[in-house]
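Heads up, the thing below is written out as structure tokens.
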Amino acid sequence: METDLSPAAEAVASERALDALLAPRSVAVFGASDRTELHRVTLANVSAGETTVVGVNPNRREALGVPCVPSAGALPFAPDLAVLLVGDGALEPTLADALGAGIRAFVVPGLGNDAGPDGPALAERLGAAVRGAGGTLLGPNCMGAAVPGGCSPWVGTLPPSLQRGTVAVATQSGAIGEALTGLGPRLPLRCVVSLGYESGLDTADLCRHFAAEEETRAVGLFLETVRRPAELRAGLELLAASGKPVVCLKVGRSPAAARAARAHTGADVGSDGGFAALARATGTLLADSYGDFVEMLDLLSRRRRPRGYRIGAVTLSGGEAALLADGAQAAGIPFPPTPPELAEALAAVAPSAAHSPNPLDGWVVAETEATYRRIFATMAASGQFDVLLAQLDMTPHIGALEQDNALTIVRALLAATPPDGPLPVVLSQQGEAPPPAVAAVLDAADVPVLRNGVSGLRALAAVGGWSPPRAPGPGASRAPATAAAPPLGELAALAGALTTEEGQALLARYGLRAADAREGRDGVHVALLPDRAYGPVLALRACGATAAPLHVLAPLDRLAAQEALLDAGLQRSARGPLADALTALARLAFEQPRVHAFEVALLGDGPDARAVASSVTLTAPWERDRRDGAAPAPA
């Protein structure tokens, strides 16, 4: 019997399913067997912890010590969760039997590439059947959920060294999930949830759950597509409001990647500009690569996190110091000039500081530990740094002499960084783990070892600069537009590209006066993208600039407009009337959903700002795009 669930009831159902997924009291494994390694590994994973496990297999009485019953109807109780380890052809009847036995939460790993063209339709039928019964599922085409130290309905090997932590990860790629669990002790994890086709639970559901869960302190997302943009935005806002940073690696920026993502998830990846605007609005940190992703999650997994990105760095050679300085420049956090009094104090304890006090080549053969202790102590006492960084290029293969040197410098770093001081960090260019003896000291002190030079520095910049986004001020309400919005008037009957005069008339309704584009005043080009999946997206680029545009979501209050103009490179104009003009233009984009796209130049660095509309396109009245929840345009 199908159940017609309201959105609120669906949210409650997904929360119950997530509780059953991440902490089930009982699990039924359909198709339980020791026939293949996949079956054996999965049974071992779900049998971890105190969870009661039962198999369902008409041909087995037990599998690897797990008792089996012949059918769902023979189960002695309705388990919290079912894992369907059956072939694609058996999925629908098996699911029907499990639903009939009262099970309402499912992990469906199957329906990968070998399912062929019928896979997506079957996945949708499975999801609809579970939703109709008031339950939900994870998958299909997923790895499941890995929960270190507990029951893990996961169809891959979990290393014994995997540790429980406070970073929760949701990934649309099972292989990325395996890569993260394969990091072992380097990245302690609350859980890794592989979503697959998202026929049931999706990224938005997990964001909402992690926002409310006390054990989770930070979240990682690997996304190929976004199926419910509004719900994802709401989930990201809940995480930000809870003070939980989110790191997202969103793929699909190249045509080849977009094709691969579409083939894998069956959905489009969406526009880069729209997602960048969403990330800015919700305080989501975007990773450019898998290496950046891991380094950022590593920093967020620690008890202490950087409170800024002012770095005091010490190396073992002048060449490494130069390499580090170049890396910081590439990461967007160049080393600033050292204050004269600090430079003088460092020169008194390290002769090389007279030439380059930061990054500082601190190596001396005699009194190595005492010298490094004095260097780090001087830096820490200056109050100039949020992070004290030791660059030590280590691998498990270095010799005893080099290992002793590394231990000496690590102990000096730890001595200078008490809990209320700068954050100690070790950076290596080698991409490998440190020797076990050094790793043991660093792990005991919960000190991160960043293993890729530029990626590590980018991670420090991103995490050190993170803070929850502020609440929007007056003029930036996202409540649906009302009749208070300026009417389109005679423009309401038009559709398609407007003439220059018609475009200027539309801008005038929002107080934007026409300007002569030949005046050459400082300003910003603003384009409304024809992508409202996340809301109206504006692309900003300073006039004459060649850099990539900055993407923001409308509406904007005045402070948000000022911040956007500053980030777009308009230092002089950001706090003048140009911010008011951008606020008005963003209000137009939000309140008039029939405005499909526009390109407008806002000009003015004096007492006023004016606008030049180079193109404005309206949709026909019967083609209004309401995907962002905006009300119909006033006539």
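The values are calculated or read from the model by the stated rules, or taken from the named source; none is laboratory data. Keep in mind that what you see is a predicted model, and the values were worked out from it rather than measured. Neighbour counts run over all protein chains shown; Cβ positions are idealised from the backbone, glycine included. Quick note on the areas: whole protein, heavy atoms, side chains included, nothing else; ligands and nucleic acids left out. Shrake-Rupley method; radii C 1.70, N 1.55, O 1.52, S 1.80 Å.
Some notes on this structure:
- Every pair of residues 6+ apart whose Cβ atoms lie under 8 Å, when the first sits in the range 315-334 and is on the phi > 0 side of the Ramachandran plot while the second is basic (Lys, Arg) and open to solvent by 30 Å² or more (accessible area, probe 1.4 Å): 332/458
- Residue, farthest from residue 424 (Cα to Cα), within the range 361-379, restricted to residues that are open to solvent by less than 30 Å² (accessible area, probe 1.4 Å) and hydrophobic (A, V, I, L, M, F, W, C): 375
- Looking across 77, 106, one residue alone is open to solvent by 20 Å² or more (accessible area, probe 1.4 Å), within 24 Å of residue 19 (Cβ to Cβ) and of a type in the set (Phe, Trp, Tyr). It is 77.
- Just one of the listed residues (385, 293, 335) is modelled with pLDDT of 95 or more and farther than 26 Å from residue 183 by Cβ, namely 385.
- The set of residues in the range 422-444 being touching a helix residue (DSSP H, G or I) at 6+ places or on another chain (Cβ under 9 Å), surrounded by 15 or more Cβ atoms within 10 Å (Cβ to Cβ) and in a loop (DSSP other than H, G, I, E, B) consists of 422, 428, 429, 433, 434, 435.
- Conditions (1) more than 21 Å from residue 199 (Cβ to Cβ); (2) touching a residue at least 24 places away in the same chain (Cβ under 8 Å); (3) over 33 Å from the mean Cα position of the chain (by Cα): number failed by residue 76: (2)
- The range 455-467: number of residues that are crowded, with 21+ Cβ neighbours inside 10 Å and under 15 Å from residue 327 (Cα atoms): 7
- Of the residues making up the range 189-216, those that are over 18 Å from residue 15 (Cα atoms) and of a type outside the set (A, V, I, L, M) are 196, 197.
- From the list 409, 398, the one residue that fits, being within 20 Å of residue 352 (Cβ to Cβ) and more than 31 Å from the chain's Cα centre (by Cα), is 409.
- Residue ID - most open to solvent (accessible area, probe 1.4 Å), chosen from residues in the range 40-50 that are modelled with pLDDT of 95 or more and of a type outside the set (Gly, Ala, Ser): 40
- Pairing each residue of the range 13-39 that is open to solvent by less than 40 Å² (accessible area, probe 1.4 Å) with any residue that is part of a helix (DSSP H, G or I), provided the two are 6+ apart or on different chains, yields C-beta distances under 6 Å for 14/205; 18/209; 27/46; 30/94; 33/39.
- In the range 132-155, residue least open to solvent (accessible area, probe 1.4 Å) [restricted to those that are assigned to a loop (DSSP other than H, G, I, E, B) and of a type in the set (S, T, N, Q)]: 152
- Residue in the range 403-414 that is surrounded by fewer than 20 Cβ atoms within 10 Å (Cβ to Cβ), closer than 18 Å to residue 436 by Cα and of a type in the set (A, V, I, L, M, F, W, C) present: yes
- Identification of helices (runs of 4 or more DSSP H) wholly contained in the range 281-390 with 3 or more residues that are out of contact with any His (no Cβ under 8 Å at 6 or more places or on another chain) and among the charged types (D, E, K, R) yields 290-300, 368-382.
- Residues of the range 532-579 satisfying the condition of being at pLDDT 90 or above and among the polar types (S, T, N, Q): 562
- Taking the criterion of being among the hydrophobic types (A, V, I, L, M, F, W, C), assigned to a helix (DSSP H, G or I) and modelled with pLDDT under 90, the residues of the range 491-531 that qualify are 491, 492, 493, 517.
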